[in-house]
Amino acid sequence: MPLFVFLSRKLLLVFFAIALSAFCRTAPALNVGPMANRFQSQSEILQSYRMQIELLDPRETRGLFLQIYQQVTIEVQAMLARGEFANAKWVERLMLEYANLYRESFVLSEIRPDLLSPAWALAYENPDVTKGSASLQLFAAINAHVNRDLPYALVRAGTDFSSESMKNDFQTISRSFTITMPKLWNILTQYDLCVRPRPERQTALTLIQWAMKVTRERAWATGAKLQLTSTGPSALAERKKQEAALEVYALKQFRKIKYNPALYLDDMVCL
């Protein structure tokens, strides 16, 4: 066989192998089309969530938080329609930025899990979580989205952290979780592997509400710190320091959640 032909075939095989490798790395195992592009409006968020839920397997763990997020988004949009916010435009911007941070992590979990933030990698990739109870999976996602994502969303939305009316609106958003608790419970039980007694239901709901209140209050304070580090000669270095501290905090908080006595017992009983 002529050397030219031999080398040409080798080069062709190498090229084919590289192309196949690239395809295998980037081809998602799940159709994330509805969530692939940045959300531009409130209606687009709900439409994308609804379409993505229809594509998910009923037992797909990412569907648990996605469905709960959908219900909370519906309630906040209803609050907006009822005129319950003094800074409606800001609330819309905040919800949009917040939803896009979640969208990014959801898509990355399929196409580039190596690029996930530590908190989201724990929620989507850690077998201690993915093989744990539905409650543990939910708390891992809440931890990542509130402790890690929410401060960034607040800054990106142009929050005036000195504004009492904005803080009041932020607390009004928090009340949406209390309003939607019955629906949230129904979604959670769809993913459970056991039947929960009524007393356990109240314990779980109380724990969720407490966790949301505490973590959201701290997210407001953390967002204010991030915003303060956005200017000045040492802004970039200081901001990176703040961001690294935020990731560490989110991981520490999850460890506290995981070994909370009520949740730990739930993990032992409901697996």
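Of everything in segment 81-95 that's surrounded by fewer than 16 Cβ atoms within 10 Å (Cβ to Cβ) and out of contact with any Leu (no Cβ under 7 Å at 6 or more places or on another chain), which residue is nearest to GLN40 (Cα to Cα)?
LYS89
Looking at TYR98, TYR49, which one is closer than 25 Å to ALA134 by Cβ, surrounded by 20 or more Cβ atoms within 10 Å (Cβ to Cβ), at pLDDT 95 or above and not basic (Lys, Arg)?
Only one candidate qualifies: TYR98.
List, please: which pairs have Cβ atoms under 8 Å, are six or more places apart or on different chains, and start with a residue in segment 166-186 that is within 13 Å of THR73 (Cβ to Cβ) and touching a residue at least 24 places away in the same chain (Cβ under 8 Å) and end with one that is of a type in the set (Phe, Trp, Tyr) and in a helix (DSSP H, G or I)?
So the pair list comes out as LEU184/PHE177.
Which one is farthest from ARG62 (Cα to Cα) among residues in segment 101-148 that are basic (Lys, Arg) and surrounded by fewer than 21 Cβ atoms within 10 Å (Cβ to Cβ)?
So the residue we want is ARG112.
Of the residues that sit in segment 167-203 and are among the aromatic types (Phe, Trp, Tyr) and at pLDDT below 85, which one is nearest to ARG59 (Cα to Cα)?
Among those that are among the aromatic types (Phe, Trp, Tyr) and at pLDDT below 85, it is TYR191.
When both residues are 6+ apart or on different chains and their Cβ atoms are under 7 Å apart, which pairs have a first residue that lies in segment 64-82 and is within 29 Å of LEU136 (Cβ to Cβ), and a second that is assigned to a loop (DSSP other than H, G, I, E, B) and at pLDDT below 90?
Partner pairs satisfying both residue conditions: GLN71/THR180; VAL72/THR180; GLU75/THR180.
Among the listed residues GLU44, GLU97, identify the single one that is under 19 Å from PHE177 (Cβ atoms) and either out of contact with any Ser or Thr (no Cβ under 7 Å at 6 or more places or on another chain) or assigned to a helix (DSSP H, G or I) (or both).
The match here is GLU97.
Quick one: what pairs do we get from segment 229-257, first residue more than 19 Å from ALA141 (Cα to Cα) and assigned to a helix (DSSP H, G or I), second among the polar types (S, T, N, Q) and at pLDDT 70 or above, C-beta under 6 Å, 6+ apart or different chains?
Listed by first residue and then by second, the contacts come to ALA235/THR229; GLU238/THR229; ARG239/THR229; GLN242/THR229.
Among the residues of segment 256-269, is there at least one that is buried (at least 17 other Cβ atoms within 10 Å of the Cβ) and at pLDDT 65 or above?
no
When only residues in segment 100-122 that are charged (D, E, K, R) and part of a helix (DSSP H, G or I) count, which is farthest from ASN147 (Cα to Cα)?
GLU110
The values are calculated or read from the model by the stated rules, or taken from the named source; none is laboratory data. These numbers come from a predicted model, not from an experiment. With ideal geometry, Cβ positions are generated from the backbone for all residues, glycine too; neighbour counts draw on all protein chains shown.
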